[in-house]
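> Sharing a structure, written as structure tokens. Questions coming.
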Amino acid sequence: MKTFYNAHHALHQGKMEMFRGELVPCFEVPARQDHVLDVLKARGLGAIEAAPDFPERAITRVHAQRYVDFLKTAWDEWVALDPANAQRDALPSVWPVRTFRSDVVPDNFAARMGLYSYDAGSPLTSGTWVASREGACCALAAAREVQHGARSAFALSRPPGHHAGADFFGGYCFLNNAAIAAQSLRDAGVSRVAVLDIDYHHGNGTQAIFYGRGDVFFASVHGDPRTEYPFFLGHADERGEGAGAGCNLNLPLPRGTGFASWREAMSQALRAISAFGADALVVSLGVDTFAGDPISGFGLQSADYLRVGEDIAAAGLPTVFVFEGGYAVEEIGTNAVNVLDGFRQRA
Ligand code: OKS
Ligand code: ZN
């Protein structure tokens, strides 16, 4: 299985995020990708390549042009406000919630940060755009590999993507790598694409992007949004709308869920994907379901991830793995690579 990694990921290195009224060091750190790469090399899973470049068009198939343009210039605008800003990251602090307008784009930079985001946990830094763009190219390269006949490929994208919507960032995500991969498969002629999101957190961005569409099925197993981030989406009654009615499946599970119940939920998701008649699969591969994850609440053990990969392989679909969350930095390499290795052994 070929891996595409982001050679520029470390350009996105947030300093602090808002947590319980305080700025605390970011959980989403560059070392995350380095640990996965180290284990990939040690285990010899296949070729490891830096992602090639793709035209911006592949990104704006999913993201609004005005949002992409904002990301490109945001850092320069932030520093132009005050030269001292070069030493600190940009975090939003005001948002257009219900009753506010989001069709009029404010001139004020802080207001535009809020228009294009939904939390204060995702610092925008000097390298955020370049790193995010390159992360999306990892997903596009992995999708192209599969589209050209590979059984599977792995996009070691960083920053992660599944919380990012068509025109907003949040949850450490700026560009929705999995959605960009899924859309690129559609654009290459794959009729029906499924996204299986097994990160601990609901992939609200991916769900929202495809919610009204019947050509991309979204299934997610995640912590119940009643208690878990991102809180405001991910309930079982969200089934899709319009042409997408029936093409969205959320399987929320309580904090504390262990591997047996979690695995049963994933197999339910895979059965739904098979019933949908998917021709290709994109997996949002978060490993924050690990028992030792510092910000999550499921109980998977490292060996369980081999079974996860085997179960996904048994679905028999060409599969693009896209890296998402996972913060037990020492173990995420083993856990992510176990999924890929289990897949490879069963495929
Ligand atoms: C907000 C807490 C943010 C949790 C973000 C979760 C990121 C993640 N202060 N998503 O899959 O792993
Ligand atoms: Zn997560």
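> Quick check on the stretch 152-167. Is at least one of its residues assigned to a helix (DSSP H, G or I), at pLDDT 95 or above and within 12 Å of ligand 1 (Cβ to nearest atom)?
no
> Quick check on the stretch 125-136. Is at least one of its residues among the polar types (S, T, N, Q) and out of contact with any helix residue (DSSP H, G or I) (no Cβ under 9 Å at 6 or more places or on another chain)?
No, the stretch 125-136 has no match at all.
> Go through 226, 192 for me and flag whichever is closer than 22 Å to residue 119 by Cβ, away from ligand 1 (no atom under 11 Å from the Cβ), of a type in the set (Lys, Arg) and surrounded by fewer than 19 Cβ atoms within 10 Å (Cβ to Cβ).
Going through 226, 192 in turn, the sole match is 226.
> Can you tell me which residues in the stretch 89-141 are in a loop (DSSP other than H, G, I, E, B), among the aliphatic types (A, V, I, L, M) and touching a residue at least 24 places away in the same chain (Cβ under 8 Å)?
The answer is 91, 105, 120.
> Anything in the stretch 83-107 that is loosely packed, with under 10 Cβ neighbours inside 10 Å and among the charged types (D, E, K, R)? List them, or say none.
Selection gives 98, 101, 103, 107.
> Moving on to the next point. In this structure, is residue 67 open to solvent by less than 40 Å² (accessible area, probe 1.4 Å) and hydroxyl-bearing (Ser, Thr, Tyr)?
Taking the combined requirement at face value, the residue satisfies it.
> Here is a check on your reading of the model: is residue 300 open to solvent by less than 40 Å² (accessible area, probe 1.4 Å) and within 16 Å of ligand 2 (Cβ to nearest atom)?
Against the criterion (open to solvent by less than 40 Å² (accessible area, probe 1.4 Å) and within 16 Å of ligand 2 (Cβ to nearest atom)), residue 300 qualifies.
> Specify the residue that is farthest from the chain's Cα centre (by Cα); the eligible residues are those in the stretch 312-332 that are part of a helix (DSSP H, G or I) and within 16 Å of ligand 1 (Cβ to nearest atom).
In this case the residue turns out to be 331.
The values are calculated or read from the model by the stated rules, or taken from the named source; none is laboratory data. Given the structure is predicted, the values throughout are model-derived calculations rather than measurements. Here the Cβ is made from the backbone with ideal geometry for all residues, glycine too, and neighbour counts use every protein chain on show. SASA here: full protein model, heavy atoms, side chains in, ligands and nucleic acids out. Shrake-Rupley method; radii C 1.70, N 1.55, O 1.52, S 1.80 Å.
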